[in-house]
Each structure stands twice: as C-alpha cells, then as structure tokens.
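Only one structure is covered here, and it is reproduced in the block below.
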Protein chains: 2
Amino acid sequence: VPTAPFAAVDDGASLLAGLERIGFPAILKTRRLGYDGKGQALVKDAAEAMTAVRELGGRDLILEGVVDFERELSILAVRSVSGEVRYYPLVENTHCGGILRRSVAPAPDSVLLQEQAEAIALKALNELEYVGVLAIELFQKGDELSVNEMAPRVHNSGHWTIEGAETSQFENHLRAILDLPLGSTSPIGYSVMLNLIGDLPDTQQVLRTEGAHLHLYGKHPRAGRKVGHITIRGGDPTRVMKTAEELRRDLPIVWE
Amino acid sequence: VPTAPFAAVDDGASLLAGLERIGFPAILKTRRLGYDGKGQALVKDAAEAMTAVRELGGRDLILEGVVDFERELSILAVRSVSGEVRYYPLVENTHCGGILRRSVAPAPDSVLLQEQAEAIALKALNELEYVGVLAIELFQKGDELSVNEMAPRVHNSGHWTIEGAETSQFENHLRAILDLPLGSTSPIGYSVMLNLIGDLPDTQQVLRTEGAHLHLYGKHPRAGRKVGHITIRGGDPTRVMKTAEELRRDLPIVWE
C-alpha cells in the first residue's frame with residue numbers, strides 16, 4: 001500500500017542510512033504504542049535526529065519522510081473470526097497539536113475514495129489475519145490516498161458510530177471477536193464528533209443543543225487529556241456542520 | 001381525559017353498585033402495579049365478579065367497562081424537574097395474551113392523532129407534577145383516543161427509542177430527574193420492536209438481519225417471561241415492516 005518513504009532505525013548506522021535516503025525534514029517515531037502525537041519528533045537536521053533518537057529510547061524506531069497532503073481521512077474496518085469484513089464510510093479528521101479534534105462522518109466528497117480506502121484496509125486485514133476493528137489513518141492528495149498509521153483497535157475517529165451508524169464500532173468489535181455476524185456499518189444521517197480535551201464543557205449548553213450527544217469519560221481534566229466527546233448527528237449535513245461549529249467555538253479549549 | 005366507564009371497588013357494596021352502572025362484560029383490575037395482564041379479570045356475571053374480587057385481594061380494585069376499539073397506541077412523554085416537557089411520537093402496540101408483542105414507531109397513520117395524545121399526556125403530567133418518563137396507553141376508535149392505563153416509568157413500548165430516536169427514553173428519564181435539558185425525541189427513520197417472550201431466538205439469524213438490534217436481558221427463559229427484544233430500524237417503513245414480519249415468523253414463540 002502507498003505510504004510515506006520510511007526506514008527502520010535501530011542504531012546510529014541505520015539512522016544515518018535512513019536520513020541519507022529520506023532527507024530533511026523527517027519524522028522519527030516509535031513503531032508501536034504512539035498516540036496523540038506522543039512518541040514522535042520532527043527533525044530538521046542530523047543533530048536534532050540524534051537527540052530525538054536518544055529521547056525516544058534509541059531503538060524500534062521508524063524514520064519517515066514528511067508527506068505533502070490536503071487532508072487526513074480514516075477508515076474503520078472490521079473483520080470477524082470467520083473472515084467476514086465490513087467497512088465504515090471514510091471519516092475526515094482535523095488534528096491540532098497532534099491530537100484529534102474533530103471527525104466528520106461520512107467525510108465530505110469521499111465517495112470516489114471509498115473503494116481505494118477499502119482495498120487498502122482489506123490488504124492490511126488479510127495480511128495480519130486481523131480480528132476486530134482496525135482503524136487506518138490516511139493522507140489524501142488529489143485522488144490518491146496513502147497510509148499514515150494504523151490503530152489495531154476501536155478508534156477515536158469511530159466514536160461517531162455510537163449514534164451515527166446502524167451498528168457502533170464497539171458492538172461490531174465484540175461481534176467480530178465473538179465470531180457473530182457483523183452488523184450494518186451504514187451511516188445514519190451525518191455526524192460530527194468533537195473531542196473534549198483538557199477541560200469540561202458547559203453541560204447544560206451541550207444538552208440543549210438539538211442533535212448533540214454528550215459523552216463524559218469520568219476522567220479528571222488536565223491539559224491535553226481527552227475527557228470526553230460530543231457527537232452532533234442529524235439528517236441535514238449543512239445544519240450538522242453549523243451546529244458543530246457553533247458548539248466548538250464555545251468549548252473551553254482553544255485549538256492552538 | 002376520556003376513559004372507559006369505571007367505578008372504585010373496595011367491598012361488596014361498591015362492587016354491586018359498580019356492576020349495576022357498568023354492566024357486563026366488565027374488567028376488574030388492581031389499581032396499581034398491574035402489568036402484562038397480571039392483576040386483572042374479565043367478568044361476565046355477578047358470580048364471576050365475586051370470585052375475581054376475592055382472587056384479586058378484595059380491595060383497591062377498579063371495575064371498568066369493556067371498550068370497543070380499533071387499535072392500541074401509546075405515547076411516551078417526559079417532564080423534567082424544571083417542567084420542560086417533550087413527547088415521543090405515538091406508537092402502535094399489538095398485544096397477545098395480555099403481553100405486548102410488537103410496537104411500531106411512529107404508529108402508521110397517527111400524525112393527526114399526535115396533538116390529541118399530547119394534550120392527554122400533558123394533563124396527566126401537570127396534574128401529577130410528574131418528573132421522568134410517563135407512558136400512557138390509549139385506545140383508538142375512529143379519530144378519538146381514550147386512556148387505557150398509564151405506566152409511571154420508562155416503558156416496553158419505548159424500547160425502540162434506543163436505536164430509533166435521537167435520545168432514548170432511558171437517557172431522557174435520567175435527564176428529567178437530574179433536571180438537565182431534555183434531548184430531542186425525534187424518530188430516526190422507522191422502527192419495529194418485537195418482544196422475546198418465554199424463549200430465546202437464533203442469535204445468528206437475528207444478527208444477520210440488516211437493521212436488527214438484539215437486546216438480551218440475561219434472564220432465564222420461562223413461559224410468558226420477557227427475556228429480551230429486537231428492534232428493527234431503517235429508513236424505508238415498508239422494508240422495516242417486511243423484515244420484522246419475516247423475523248417474527250421465525251421467532252420461537254407463537255403469538256397465541
């Protein structure tokens with residue numbers, strides 16, 4: 001599947017070889033367990049790269065070229081023990097400070113990209129003999145998709161499925177690992193999911209908003225921490241987007 | 001609000017006075033805590049009435065005339081501590097053996113009855129200074145509604161709201177008693193709820209059915225016991241009804 005140029009980094013020699021091939025700027029990442037921008041560093045020269053390697057633990061790293069892209073999308077796919085596969089529609093994701101802030105589902109103008117995304121997901125599912133929900137983050141440039149990362153689990157960009165799809169990602173994950181028939185992944189209308197990061201919103205205001213569904217995780221708020229999300233769902237995509245933008249402006253967290 | 005003719009029954013004298021006014025056949029019911037046809041008896045003469053009074057405990061009974069009706073509907077209303085009120089759309093209910101078997105939501109051909117039902121519900125909510133979800137069961141005859149019973153709680157005929165309404169009856173009950181703004185009661189497409197009574201269905205078959213949502217209550221099956229329900233939801237009412245009828249025919253329980 002198409003990806004950014006990449007090189008494995010396990011020591012100084014592999015780092016230098018990788019930098020020579022990929023050039024600057026580049027991104028150093030831990031290969032596993034990264035999330036919310038944690039476990040990665042943008043490096044602009046060899047000195048920054050050496051420092052980043054040390055700070056990231058020195059091994060099991062990957063060096064990636066920086067990708068020029070227009071927007072970030074993700075596709076959630078689910079595969080059961082028996083091999084039944086379903087795909088949710090592509091989602092458009094907006095990040096800020098390395099953290100997902102908003103998902104729009106289905107992603108606007110994504111119908112012609114869906115088949116390409118499903119083909120990428122199917123390759124990953126089959127190659128890994130994967131069971132459960134798998135999220136694949138994608139970069140779009142023109143009509144082409146390339147893979148950014150994958151999350152082998154239910155995913156923040158799939159939280160909208162609780163209200164916005166016939167079967168939620170959580171129910172389908174359970175159906176998949178229990179080898180039950182998978183449920184429909186059809187969207188029900190249009191959804192926008194807003195993450196609540198670092199602070200809690202005005203509960204009354206959110207609950208008064210038509211079509212808004214508030215999810216609080218019972219976590220103590222602190223800077224950069226996901227403490228909940230809001231999904232706005234409705235039959236009219238323009239109205240859903242407008243409602244989401246109005247709510248977002250009033251949320252306590254500024255998107256830097 | 002319009003109801004069947006009724007009389008309070010607390011002893012032999014009030015029973016005889018009630019029977020004289022209401023005539024036969026009539027229905028004797030406990031005034032509180034009846035459900036699924038429990039706590040009631042159809043009586044065709046004075047001897048049957050005397051027996052029924054003894055069997056039902058002798059007091060706090062109500063004697064009702066038998067109502068000629070075309071179909072049974074119900075409306076779920078919700079009122080918060082602050083007095084905010086919302087109504088779900090009318091639901092059409094099919095009973096068998098005194099137990100609810102199927103709810104269709106919104107009830108077909110009920111748009112012109114909705115205002116009448118809401119006015120009845122509002123009277124009850126205000127008179128009782130009610131807080132939470134209230135279900136009112138109604139008889140329809142022509143264009144007229146009369147009240148059968150009310151259930152001061154979330155109700156079996158509202159289970160479809162989990163998938164079929166923007167906010168479920170359970171969430172709105174919690175919002176109401178916590179004095180939070182109430183959520184939208186708008187239906188999302190069309191729903192049919194089928195009760196699972198006395199036995200469990202073929203899980204695989206239900207989960208394979210597009211738009212079907214299976215709810216099992218973890219109760220041990222026995223005759224007449226509600227052990228779960230299935231909600232079939234979709235955007236096309238004809239297809240939803242067809243799917244529900246096909247599923248119903250295959251359920252283990254014959255509707256006597």
B:Glu70 - would you say it is acidic (Asp, Glu) and more than 30 Å from B:Asp10 (Cβ to Cβ)? yes
Residue list for the stretch B:184-214, filter: more than 7 Å from chain A (Cβ to nearest Cβ), in a loop (DSSP other than H, G, I, E, B) and at negative phi: B:Thr185, B:Ser186, B:Asp199, B:Leu200, B:Pro201, B:Asp202, B:Thr209
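Among the residues of the stretch A:103-122, are any of a type outside the set (Ser, Thr, Tyr) and either within 14 Å of chain B (Cβ to nearest Cβ) or more than 21 Å from A:Glu70 (Cβ to Cβ) (or both)? Give the steps one after another, and end with the answer.
We begin by selecting, within the stretch A:103-122, every residue of a type outside the set (Ser, Thr, Tyr); these are A:104-109, A:111-122.
Applying the additional criterion that residues be either within 14 Å of chain B (Cβ to nearest Cβ) or more than 21 Å from A:Glu70 (Cβ to Cβ) (or both) yields A:122.
Yes.
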Residue that is most open to solvent (accessible area, probe 1.4 Å) [pool: residues in the stretch B:215-226 that are at pLDDT 95 or above and in a strand (DSSP E or B)]: B:Leu216
I'd like to check something: does the stretch B:233-242 contain any residue that is in a loop (DSSP other than H, G, I, E, B) and either under 29 Å from A:Arg233 (Cβ atoms) or open to solvent by less than 70 Å² (accessible area, probe 1.4 Å) (or both)? yes
Any idea which of (1) more than 18 Å from the chain's Cα centre (by Cα); (2) open to solvent by less than 10 Å² (accessible area, probe 1.4 Å) is the one A:Leu196 doesn't satisfy? (1)
For residues that are part of a loop (DSSP other than H, G, I, E, B), open to solvent by 10 Å² or more (accessible area, probe 1.4 Å) and more than 11 Å from every other protein chain (Cβ to nearest Cβ), scanning just the stretch B:153-183, find the one that is farthest from B:Ile136 (Cα to Cα). B:His159
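Checking the structure you have, find out if any residue of the stretch A:55-74 is closer than 18 Å to A:Thr185 by Cα and either at pLDDT 95 or above or buried (at least 20 other Cβ atoms within 10 Å of the Cβ) (or both).
yes
With the requirement that a residue be β-branched (Val, Ile, Thr) and more than 18 Å from B:Ser184 (Cα to Cα), what does the stretch A:212-243 give you? Step through it out loud before you land on a result.
Just the residues of the stretch A:212-243 that are β-branched (Val, Ile, Thr), to begin with: A:227, A:230-232, A:238, A:240, A:243.
Residues satisfying the conditions are A:Val227, A:Thr238.
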Hits in the stretch A:33-55 (condition: within 19 Å of A:Ile99 (Cβ to Cβ) and out of contact with any helix residue (DSSP H, G or I) (no Cβ under 7 Å at 6 or more places or on another chain)): A:Leu33, A:Gly34, A:Tyr35, A:Asp36, A:Gly37, A:Lys38, A:Gly39, A:Gln40, A:Leu42
Among the candidates A:Val111, A:Val104, residue that is among the hydrophobic types (A, V, I, L, M, F, W, C) and touching a strand residue (DSSP E or B) at 6+ places or on another chain (Cβ under 6 Å): A:Val104
From the list A:Asp143, A:Asp109, which one is on the phi > 0 side of the Ramachandran plot and modelled with pLDDT of 95 or more? A:Asp109
For the stretch A:122-178, which positions are closer than 30 Å to B:Ile188 by Cα and of a type in the set (Ser, Thr, Tyr)? A:Ser157, A:Thr161, A:Thr167, A:Ser168
Looking at (1) more than 19 Å from B:Glu166 (Cα to Cα); (2) out of contact with any Lys or Arg (no Cβ under 6 Å at 6 or more places or on another chain), which is the one condition that is false for B:Val104? (1)
Restricting to the stretch A:199-212, name every residue that is of a type outside the set (S, T, N, Q) and surrounded by fewer than 23 Cβ atoms within 10 Å (Cβ to Cβ). A:Asp199, A:Leu200, A:Pro201, A:Asp202, A:Leu207, A:Arg208, A:Glu210
Report the residue count in the stretch A:87-105 for those that are outside any strand (DSSP E or B) and within 21 Å of A:Asn172 (Cα to Cα). 3
Six or more apart or on different chains, Cβ under 8 Å: which pairs go from a residue in the stretch A:52-80 that's on the phi > 0 side of the Ramachandran plot to one that's open to solvent by 20 Å² or more (accessible area, probe 1.4 Å)? Could you list them? A:Gly57/A:Thr30; A:Gly58/A:Asp11; A:Asp60/A:Asp10; A:Asp60/A:Thr30; A:Asp60/A:Arg31; A:Asp60/A:Arg32
Restricting to the stretch A:83-106, and then to whatever is at pLDDT below 95 and of a type in the set (Gly, Ala, Ser), can you tell me which residue is farthest from A:Asn156 (Cα to Cα)? A:Gly97
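Condition check: more than 15 Å from A:Ala105 (Cβ to Cβ), touching a residue at least 24 places away in the same chain (Cβ under 8 Å), more than 14 Å from chain B (Cβ to nearest Cβ) and assigned to a helix (DSSP H, G or I). Does A:Arg248 satisfy that? Working first, answer last.
Numbers: more than 15 Å from A:Ala105 (Cβ to Cβ): yes; touching a residue at least 24 places away in the same chain (Cβ under 8 Å): yes; more than 14 Å from chain B (Cβ to nearest Cβ): yes; assigned to a helix (DSSP H, G or I): yes.
The answer is yes for A:Arg248.
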Could you check the stretch A:132-152 and list, in sequence order, the residues that are crowded, with 18+ Cβ neighbours inside 10 Å and in contact with a helix residue (DSSP H, G or I) (Cβ under 8 Å, 6 or more places away or on another chain)? A:Gly132, A:Val133, A:Leu134, A:Ala135, A:Ile136, A:Glu137, A:Leu138, A:Gln140, A:Leu145, A:Val147, A:Met150
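The values are calculated or read from the model by the stated rules, or taken from the named source; none is laboratory data. Since this is a predicted model, take the numbers as computed values, not measurements. Cβ coordinates were reconstructed from backbone atoms using ideal geometry, including for glycine residues, and neighbour counts include every protein chain displayed. Accessible surface is based on the protein model in full, side chains and every heavy atom, while ligands, DNA and RNA are left aside. Shrake-Rupley method; radii C 1.70, N 1.55, O 1.52, S 1.80 Å.
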